[in-house]
Structure formats: C-alpha cells, structure tokens
1. On the given criteria, is His17 outside any loop (DSSP other than H, G, I, E, B) and free of Cβ contacts under 8 Å to residues at least 60 places away in the same chain?
2. Looking at Glu34, is it modelled with pLDDT of 95 or more and in a loop (DSSP other than H, G, I, E, B)?
3. Collect the residues in region 2-46 that are on the phi > 0 side of the Ramachandran plot and not acidic (Asp, Glu), keeping them in residue-number order.
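The values are calculated or read from the model by the stated rules, or taken from the named source; none is laboratory data. Treat the numbers as computed from the prediction; the structure is a model and nothing was measured. Please note: Cβ atoms are built from the backbone with ideal geometry, for glycine as well, and neighbour counts cover all protein chains shown.
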Amino acid sequence: MALDPQLLEIIACPDTHRAPLAHDAATGTLTCTECGRRFRVEDDIPVMLLDEARTAPTGPQHTDQEEDR
C-alpha cells in the first residue's frame with residue numbers, strides 16, 4: 001500500500017482531539033496517537049469513519065500481538 005506522503009502529513013483522527021495518525025503499511029492501518037483507534041486503509045484510501053475504527057483495548061499502547069475486538 002502506498003499512501004501519499006503529503007496526505008500522511010495532514011491526516012488526523014476524526015474525533016474531536018484531531019491527533020496525528022501513525023501509518024503501519026504492514027497491517028494496512030492508521031493508528032491515532034492519542035486514542036489508539038485504528039483505521040483501515042482499502043485500495044490506498046483511508047477509511048476514516050469513527051464507527052468503523054477498531055479500538056485498542058489498552059489505548060494508544062496497543063500492540064499488533066493483541067487481538068482486535
């Protein structure tokens with residue numbers, strides 16, 4: 001997956017805190033650095049819907065070894 005570097009500079013969590021997102025190309029996700037929500041990327045398009053985000057059970061410190069809800 002190849003997201004535009006300029007998009008990655010400006011994209012933020014759609015929740016009210018608007019925190020930056022960390023991109024993980026291996027898992028195809030963008031993770032909020034504040035709340036830990038993980039947004040999937042489909043066909044190089046981020047799906048930034050709060051209702052479809054996966055919530056990390058332990059907040060932003062979530063690891064890929066933990067199972068998704």
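1. So His17 does not fit the description; no.
2. On the way: modelled with pLDDT of 95 or more: yes; in a loop (DSSP other than H, G, I, E, B): yes.
The answer is yes for Glu34.
3. Within region 2-46, the first condition is being on the phi > 0 side of the Ramachandran plot, and the residues that meet it are 18, 28, 36, 43-44.
Within region 2-46, Arg18, Gly28, Gly36 qualify.
To keep it simple, each residue is scored yes or no on (1) among the hydroxyl-bearing types (Ser, Thr, Tyr); (2) at pLDDT below 95; (3) surrounded by fewer than 18 Cβ atoms within 10 Å (Cβ to Cβ).
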residue: Leu3; (1), (2), (3): no, yes, yes
residue: Pro14; (1), (2), (3): no, no, yes
residue: Ala25; (1), (2), (3): no, yes, yes
residue: Thr29; (1), (2), (3): yes, no, no
residue: Phe39; (1), (2), (3): no, no, no
residue: Asp44; (1), (2), (3): no, yes, yes
